[in-house]
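K.L.:
Dropping the structure in here first, questions after.
Just so it is clear, none of the values below were taken in a lab; they were calculated from the coordinates. These figures come from a predicted structure and were not determined experimentally. Heads up, the Cβs are rebuilt from the backbone with ideal geometry, glycines too, and the neighbour counts pull from every protein chain shown.
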Amino acid sequence: MARAVGWILDEEQRSALLERFPPRYDRVIAHHVTLWGNRKGAQPPKPASITLVGHVDNGSDLECYVASVEGETRRPDGSIYHVTWSLDPDSGVQPKHSNDLLAKKDWSALSEPIPLVTRPDYL
């Protein structure tokens, strides 16, 4: 079976981050960092050092935070590690569209990286 895998944010830290960085759009995601999208036989990754390092918002319906996993912002598939933060549910945009946004628009670095508490799992 094909499944997505990555790292799920700790719920307590997630709540604190949502207070610190209020979502711009109505549908809040802020759930995980993906390693692999749906891949047959994918297993959850090992625990990793993950930090939030940047932010991008398309200004209309989607925002996400860029993540660094073990010091790298690029996933093995060439896309950028991120946490989809929020989106406008009426726009038709989906969390997977964060990959398109990050491919088209430069992200802004945070003033300081924020270490994340995560656990590897199926997404």
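K.L.:
Put a dot 7 Å past each Cα toward the Cβ at Asp100 and Arg20; how far apart are the dots in nm?
P.N.:
Each label point lies 7 Å from its Cα, and together they span 3.1 nm.
K.L.:
So between Ala4 and Glu112, what do we pick up on full extension, going 0.36 nm a residue minus the alpha carbon distance?
P.N.:
Here the segment from Ala4 to Glu112 would lengthen by 36.0 nm.
K.L.:
Given the alpha-carbon gyration tensor of the chain, what are the semi-axes of its equivalent ellipsoid in whole angstrom, ordered largest first, with each equal to the square root of 5 times an eigenvalue?
P.N.:
20, 17, 14
K.L.:
While we're here: Rounded to the nearest 0.05, what FRET efficiency do Val28 and Asp77 have when you use their Cβ-Cβ distance and R0 = 30 Å?
P.N.:
In this case the efficiency is close to 0.70.
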